[in-house]
Amino acid sequence: MTHRADTVMDAVATAITGLTTTGNNVFRGRDHASKASGKLPALVLHLGTDTPNEEASAWPRLYSDLEVEIEVLIDGASGFESTLLTIREEVTKALRADYTLGLSFVVEIREGPAERPQPEDQDSRRFSYALGWTVTYSRNWDDPSA
């Protein structure tokens, strides 16, 4: 069985695939960031902290808050900030279209902070822009896959 957090990450990837600006350039994990850099603009999903909330839970269900970072990679050509904000708008609309991400065990998805755009390195014209999201989901107290 697959951990429910992994299923959530897949659902987020599906929801943001096919956006007007980034198309199918959606990747999961840091090891895929280098692949994405050749297909800009691109989105790279990173698994964040997964915090169980025992106070809001009742056995046998455990509620957990999973942080998902969506990294926007873009060429820093003139006007790139406008393009970043367009991508942010598209991501928000895609994730807000269904607050459960189509999963019966997802309670909600909440938008978090968007970090300041950062150059990949001093000599690079490529920028990274991190969008934070939190997904609250439930699982079995003793089995993260159920």
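Just a few scattered comments:
- Conditions (1) surrounded by fewer than 17 Cβ atoms within 10 Å (Cβ to Cβ); (2) closer than 25 Å to Met1 by Cα; (3) hydrophobic (A, V, I, L, M, F, W, C); number of the one not met by Val68: (1)
- Exactly one residue among Ala146, Ala77, Ala130 is under 21 Å from Val12 (Cβ atoms), aliphatic (A, V, I, L, M) and in a loop (DSSP other than H, G, I, E, B), and that residue is Ala146.
- In the condition set (1) closer than 21 Å to Gly18 by Cα; (2) without any contact (Cβ under 8 Å) to a residue 60 or more places away in the chain; (3) assigned to a loop (DSSP other than H, G, I, E, B), Ser104 is compliant with all but (1).
- For the range 63-106, a tally of residues being of a type in the set (Asp, Glu) and at pLDDT 95 or above returns 6.
- Some residue of the range 91-100 being on the phi > 0 side of the Ramachandran plot and not β-branched (Val, Ile, Thr): no
- The residues of the range 23-51 that are farther than 21 Å from Asp6 by Cα and either at pLDDT 95 or above or assigned to a strand (DSSP E or B) (or both) amount to a single one, Gly23.
- Condition check for Thr86: farther than 30 Å from Ser145 by Cβ, part of a helix (DSSP H, G or I) and in contact (Cβ under 8 Å) with a residue 12 or more places away in the chain: yes
The values are calculated or read from the model by the stated rules, or taken from the named source; none is laboratory data. Bear in mind that the values here come from a model prediction, so they are computed numbers and not experimental data. Positions of Cβ are generated from backbone atoms using ideal geometry, with glycine treated the same way; all protein chains shown enter the neighbour counts.
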